[in-house]
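Here's the structure we're looking at; comments come further down.
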Amino acid sequence: MRQLHKQGTSRQGAARRIFVSGKQLMRRISIVVPAKDEQATLGSLADQIFAAIEALPEPTTAEIIFIDDGSADDSWKVMSQLAETYPANVRAIRMRRNFGKAAGLEAGFRLATGEVVFTMDADLQDDPKEISRFLAKLDEGYDLVSGWKEKRNDPLSKTLPSKLFNAVTSWLTGVKLKDFNCGFKAYRREVIENVRLYGELHRYIPVLAQDAGFRVGQISVEHHPRRHGVTKYGLERYIRGFIDLITVLATTRYLQRPGHMFGGAAVLSGALGVLILAVLSILWLFGEPIGGRPLFFLGLLLVILSVQLISIGVIAELLIRLSVPRDPLAAVIADTRETKPLPAKPARAAAKPAAKASAANAAAPKAATKPAAKKPVARTRTAKPKMQ
């Protein structure tokens, strides 16, 4: 059986290393690999991951978690064979049907045991040799490191929409990443324990992590052309992605202030409606009929929509106030450092109560201060020594 660990010296200044009695504990990482109809690549991917782990300079053990997300080919058979061949290092999980990448990653995250968790695609376009660079970036103090396919080996029909999507997402969320769609990422365990995935939110994990207070970074990674199988995504994923982007913005930036989100939309709608009605009013003053114009009804609808949005925002703010968590500080405080103050020295005035107490005891009735009766003591005779 292949052993996925290698003895070696640790880097200087490596972050979050654990030492016991002067010996460094072996770090454990998990690699979560969701796959659908990738039977031709799974074996080669496992071998490349094994080689990459063995080449790490630090003591490291690893587990690979393959997720079969409703494959129609023999992907599950290949995963099962790998799990039987390497029972200590490979786990295979089969979903009941194709639930999507986010559900597969969520299942893998819940089963991962490593202190660092990687995600990567099963199509061999991600290079496992980059694992060491991800770990080095994490050691700089980052909690999540995302890959950036700087030189992407994909057709223009995929690269152009991806660049537009990444630019808009980075601008709206404030997360300075250049490739949100890259599946090659590394997370500290604290990140995956505080992020819940559903729908198509897997591409927005960096946004959710940064909103939770984690540090997010990126590195450029090598991207290989696809040699087996076909891509499982099309242009429709960008449509779903922009819809999910609205959800992410609502649940991160505006979660604690929904009135700002609805209020901003209300101001925009109301201003446009008032402007339309003002122009039509000027035309009406000059004798132009406006009652049958579609623009008139559009202005009215925009004003009504503005009022409705403001009402929804007020209701949302009331719900937020009624659903305050029991301990709101627990969600925002990461760590505390506290030094207990030294006990204060007794003041001189503290002697006065003692003096008063003494005086009170002296003034108490004599009966209360009578000594207790002495117990009878048996007399003993002692022979006196004779004088010489």
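Among the residues in the stretch 129-148, are any of a type in the set (Lys, Arg), at pLDDT 90 or above, surrounded by fewer than 22 Cβ atoms within 10 Å (Cβ to Cβ) and more than 27 Å from ALA212 (Cβ to Cβ)? Spell out the reasoning first.
Step one: of the stretch 129-148, the residues of a type in the set (Lys, Arg) are 129, 133, 137.
In the following step, the residues that additionally are at pLDDT 90 or above were identified as 129, 133, 137.
If we keep only those that are surrounded by fewer than 22 Cβ atoms within 10 Å (Cβ to Cβ) too, we end up with 129, 133, 137.
Applying the additional criterion that residues be more than 27 Å from ALA212 (Cβ to Cβ) yields 129.
Yes, the stretch 129-148 has at least one match.
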Residue hits (the stretch 71-127; of a type in the set (Val, Ile, Thr), assigned to a helix (DSSP H, G or I) and in contact with a Gly (Cβ under 8 Å, 6 or more places away or on another chain)) are VAL78
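Out of curiosity, is GLU288 in contact with an Asp or Glu (Cβ under 7 Å, 6 or more places away or on another chain), open to solvent by 60 Å² or more (accessible area, probe 1.4 Å) and more than 30 Å from ARG196 (Cβ to Cβ)? Give the derivation first.
Details: in contact with an Asp or Glu (Cβ under 7 Å, 6 or more places away or on another chain): no; open to solvent by 60 Å² or more (accessible area, probe 1.4 Å): yes; more than 30 Å from ARG196 (Cβ to Cβ): yes.
Criteria not met by GLU288.
Let's see how each residue does on (1) touching a strand residue (DSSP E or B) at 6+ places or on another chain (Cβ under 7 Å); (2) within 29 Å of ARG240 (Cβ to Cβ); (3) among the polar types (S, T, N, Q):
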{"site": "ALA46", "(1), (2), (3)": "yes, no, no"}
{"site": "ILE65", "(1), (2), (3)": "yes, yes, no"}
{"site": "GLN81", "(1), (2), (3)": "no, no, yes"}
{"site": "ALA112", "(1), (2), (3)": "yes, yes, no"}
{"site": "THR119", "(1), (2), (3)": "yes, yes, yes"}
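To keep it simple, each residue is scored yes or no on (1) surrounded by fewer than 19 Cβ atoms within 10 Å (Cβ to Cβ); (2) aromatic (Phe, Trp, Tyr); (3) over 20 Å from the mean Cα position of the chain (by Cα).
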{"position": "ASP154", "(1), (2), (3)": "yes, no, yes"}
{"position": "SER157", "(1), (2), (3)": "yes, no, yes"}
{"position": "PHE165", "(1), (2), (3)": "no, yes, yes"}
{"position": "THR169", "(1), (2), (3)": "no, no, no"}
{"position": "LYS176", "(1), (2), (3)": "yes, no, no"}
{"position": "ASP179", "(1), (2), (3)": "no, no, no"}
{"position": "CYS182", "(1), (2), (3)": "no, no, no"}
{"position": "LYS185", "(1), (2), (3)": "no, no, no"}
{"position": "VAL191", "(1), (2), (3)": "no, no, no"}
Please go through (1) within 22 Å of ALA103 (Cβ to Cβ); (2) in contact with an Asp or Glu (Cβ under 9 Å, 6 or more places away or on another chain); (3) open to solvent by less than 40 Å² (accessible area, probe 1.4 Å) for GLY217 and return the number of the only condition it doesn't satisfy.
(1)
Considering the stretch 80-106 alone, what residues qualify as being closer than 18 Å to ASP37 by Cα and without any contact (Cβ under 8 Å) to a residue 40 or more places away in the chain?
SER80, GLN81, ALA83, ARG91, ALA92, ILE93, ARG94, MET95, ARG96, ARG97, PHE99
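Can we say LEU329 is within 22 Å of ARG257 (Cα to Cα), open to solvent by 60 Å² or more (accessible area, probe 1.4 Å), modelled with pLDDT of 90 or more and not small (Gly, Ala, Ser)? Explain how you work it out, then say what you get.
Working: within 22 Å of ARG257 (Cα to Cα): yes; open to solvent by 60 Å² or more (accessible area, probe 1.4 Å): yes; modelled with pLDDT of 90 or more: no; not small (Gly, Ala, Ser): yes.
Spelling it out, it is not the case that LEU329 is within 22 Å of ARG257 (Cα to Cα), open to solvent by 60 Å² or more (accessible area, probe 1.4 Å), modelled with pLDDT of 90 or more and not small (Gly, Ala, Ser).
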Those residues of the stretch 32-70 which are assigned to a strand (DSSP E or B) and open to solvent by 10 Å² or more (accessible area, probe 1.4 Å) amount to PRO34, THR61
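The values are calculated or read from the model by the stated rules, or taken from the named source; none is laboratory data. In this text, all values refer to a predicted model and were calculated from it rather than measured experimentally. A quick note on method: Cβ atoms are made from the backbone with ideal geometry, for glycine too, and the neighbour counts reach across all protein chains shown. These accessible areas exclude ligands, DNA and RNA; they are computed on the full protein's heavy atoms, side chains included. Shrake-Rupley method; radii C 1.70, N 1.55, O 1.52, S 1.80 Å.
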